[in-house]
Ligand code: SF4
């Protein structure tokens, strides 16, 4: 089941409240734990962000994206996002969503283009890193590996995530599974994943997640979006992707910064300030459900190769004659 609006709102308010507390650095909020867009007019204090801040500099690309949510995100920014999600919800309630004019042509053109381009997500995306179930690998272990891959992937390039998973596979005595993560020292896990973004925090989350899965889910991972989002460090994007990959259930669109940025540039959504969660709701209101799974890798790869955050290669873009954000500045 997709998360409900009240859950989303509660999630945002939780973040807002915690962001003011002294221990806020430790908090990676549910709502902001994936990747967050920050209102361009409310720039976060750079020193408070522990991550790359990507600022789009062309006239039509003015969103600032933080590569990791920060618990230090300012209060007004959080409230602004919450209000934007509210506004979007109200608009969607009033107007049954109409698909954007011409979206199908753009979608199919990008899809066709992506067939001939191999992007990092195609070979090293976190959805592809788990071992296939076999005589040696149980279904539960395969699902756990998918979850771990997704948890490590935030704020981390695909090849770095892939290397970290390989490290865990090789260095954990007995391989990467729930029991071995539980038995390992947190410091050991941290060393294995030391190249990924926020590795210390993620090592803590891995230990906590393994314990929760063992005790509350019979050594498997949660099989609902809600259950997954209760795990430390797991936000909506990871939860929906995990449901698709690990449980083969199409519950919602996994919206990361690529999907958020590109769908806004293409004019399919107007959720730039509201963030990826609002984009997910907007897209799900009109995009055929059959496309909910493929749109993530399709646009992530498109973002990795053409429609990049800072300097989109518009002159080489296959949809530059249909994109309202096209720019030939560079
Ligand atoms: S023309 Fe293409 S590369 Fe440029 S902003 Fe639009 S989708 Fe992105």
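No value in this document is a laboratory result; all are computed from the given coordinates. These figures come from a predicted structure and were not determined experimentally. Cβ coordinates were reconstructed from backbone atoms using ideal geometry, including for glycine residues, and neighbour counts include every protein chain displayed.
Please compute one quarter of the surface area of the Cα convex hull for segment 129-246 and express it in square nanometres. Mind showing how you got there, number by number?
Numbers: hull surface 25.1 nm².
Averaging across all directions leaves 6.3 nm² for the Cα convex hull.
Below 8 Å, C-alpha to C-alpha, sequence gap of six or more: please give me the relative contact order for segment 215-261 in percent.
Details: 34 pairs, mean separation 12.9, N = 47.
Once divided by the residue count of segment 215-261, the mean separation gives 27 percent.
Compute the semi-axes of the equivalent ellipsoid of segment 233-330, taking the square root of 5 times each eigenvalue of the Cα gyration tensor, and list them largest first in whole Å.
Details: eigenvalues 122, 35, 31 Å².
Whole-Å semi-axes of the equivalent ellipsoid: 25, 13, 12.
By how many nm would the segment from residue 137 to residue 291 grow when fully extended, if each residue of separation counts as 0.36 nm and the alpha-carbon distance is taken off?
Numbers: separation 154, 0.36 × 154 = 55.44 nm, distance 2.98 nm.
Extra length available between residue 137 and residue 291 comes to 52.5 nm.
Each label point is 7 Å from the Cα along the Cα-to-Cβ direction; what then is the distance between the points at residue 322 and residue 169, in nm?
My value for the distance between the label points is 3.8 nm.
Using Stokes-Einstein with the Kirkwood hydrodynamic radius over Cα pairs, what translational diffusion coefficient do you get for segment 136-177 at 4 °C and a viscosity of 1.567 mPa s, in µm²/s rounded to a whole number?
Answer from the Stokes-Einstein relation: 123 µm²/s.
Pull out the extension gain between residue 191 and residue 101, defined as 0.36 nm times the separation in residues minus the alpha carbon to alpha carbon distance; nm, one decimal.
On the way: separation 90, 0.36 × 90 = 32.40 nm, distance 4.97 nm.
Taking 0.36 nm per residue and subtracting the Cα distance, the gain is 27.4 nm.
Cβ neighbours within 10 Å, averaged per peptide: list 159-165, 105-111, 263-269 in order, most packed at the top. Please list the in-between numbers first.
Values: 159-165: 20.3, 105-111: 16.0, 263-269: 21.9.
Those peptides, ordered most packed to least, come out 263-269, 159-165, 105-111.
Relative contact order of segment 129-246: what whole-number percent is it, with Cα pairs under 8 angstrom and at least 6 residues apart? Can you show the working numbers first?
On the way: 138 pairs, mean separation 31.9, N = 118.
This gives 27 percent for segment 129-246.
Per the Debye formula with a single identical scatterer at each Cα and no solvent contribution, what log10 I(q)/I(0) holds for segment 93-155 at q = 0.22 Å⁻¹?
-0.87
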